[in-house]
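Structure first, commentary second.
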Amino acid sequence: RPHHISLLFKKMRAGKKDLTAPYVEEFQRRGLPVAVIGRASLNSREEIDALRTALRVIEWPTDTLSVYATLRGPLFGFDDRLLYQFSRAGGRFDAVFDGQPESSEEYRSVVAALKVLSELHLDRKAQPISLTIERLLSRTRSVVGFALRSDGRRALKSLNHLQQLARRFEANGGTSFRSFILELEEQLQTGGGAEEEVV
């Protein structure tokens with residue numbers, strides 16, 4: 001007869017560290033079925049942090065630190081060496097697109113990424129917020145990367161939950177992209193409503 005073991009945790013995370021992950025990985029390594037059930041803050045999820053930073057760039061395209069973090073993070077995945085060389089060649093970390101060094105083959109991928117962010121910035125007021133998020137994920141193809149991670153299902157569920165928050169914001173009469181970002185950041189900081197059910 002199969003036996004069931006339950007492990008109870010007071011909390012699922014400590015800062016950005018997932019306290020359940022070592023246990024889940026060990027059970028999976030041994031070929032044992034495992035389920036994690038509870039509530040987790042979206043604020044502690046890497047994919048949510050990356051998406052929130054990219055949304056800031058779409059609203060504030062000259063925010064140098066956010067642009068750099070978005071290019072360096074999991075949505076685009078450029079390494080520090082390439083970004084440093086791009087900067088040394090006269091490239092700017094902003095999504096107000098003009099005068100970026102396109103001549104070098106080496107930097108074309110960085111320039112293309114900045115163009116994606118620039119286009120989304122220009123279109124952000126003419127389309128639903130949820131569509132902007134959907135286009136960002138589609139153009140970066142980052143969903144595939146998130147899905148292939150060990151916690152891929154959970155990552156995709158987090159991204160879907162954020163899109164649901166955008167749809168809910170719009171259904172309640174919200175139309176301003178900036179207002180959505182500010183509300184989202186407030187929710188993530190306070191934990192109010194920005195939680196996902198994890199199974």
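The values are calculated or read from the model by the stated rules, or taken from the named source; none is laboratory data. Computed from a prediction, not measured in an experiment: that's the story for all the values here. So basically every Cβ, Gly included, is an ideal-geometry build from the backbone, and we count neighbours across all protein chains shown. Each accessible area value is taken on the protein alone, full model and side chains, heavy atoms only, with ligands, DNA and RNA left out. Shrake-Rupley method; radii C 1.70, N 1.55, O 1.52, S 1.80 Å.
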- Item | Residue that is within 24 Å of ARG141 (Cα to Cα), buried (at least 17 other Cβ atoms within 10 Å of the Cβ) and modelled with pLDDT of 80 or more, where the choices are LEU82, LEU71 | LEU71
- Residues of the stretch 116-152 being outside any helix (DSSP H, G or I), basic (Lys, Arg) and open to solvent by 70 Å² or more (accessible area, probe 1.4 Å), in sequence order, are LYS125, ARG141
- Task: Could you please give the count of residues in the stretch 100-126 that are modelled with pLDDT under 85 and closer than 19 Å to LEU65 by Cα?
- Result: 1
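So which residues in the stretch 33-68 are at pLDDT 75 or above and in contact with a Lys or Arg (Cβ under 7 Å, 6 or more places away or on another chain), if there are any at all?
Those that are at pLDDT 75 or above and in contact with a Lys or Arg (Cβ under 7 Å, 6 or more places away or on another chain): ILE58, GLU59, ASP63, SER66.
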- Message: I want to confirm something. Restricting to the stretch 107-132 and keeping residues that are hydroxyl-bearing (Ser, Thr, Tyr), touching a residue at least 40 places away in the same chain (Cβ under 8 Å) and in contact with a Phe, Trp or Tyr (Cβ under 8 Å, 6 or more places away or on another chain), which single residue is nearest to PHE180 (Cα to Cα)?
- Response: THR132
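Before we move on, is PHE93 over 15 Å from the mean Cα position of the chain (by Cα), buried (at least 18 other Cβ atoms within 10 Å of the Cβ), touching a residue at least 12 places away in the same chain (Cβ under 8 Å) and closer than 23 Å to ASP49 by Cβ?
Judged against the criteria, PHE93 is a match.
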- Task: State which residue is modelled with the highest pLDDT when the search covers only the stretch 10-32 and only residues that are in contact with a Ser or Thr (Cβ under 8 Å, 6 or more places away or on another chain), assigned to a loop (DSSP other than H, G, I, E, B) and open to solvent by less than 80 Å² (accessible area, probe 1.4 Å).
- Result: MET12
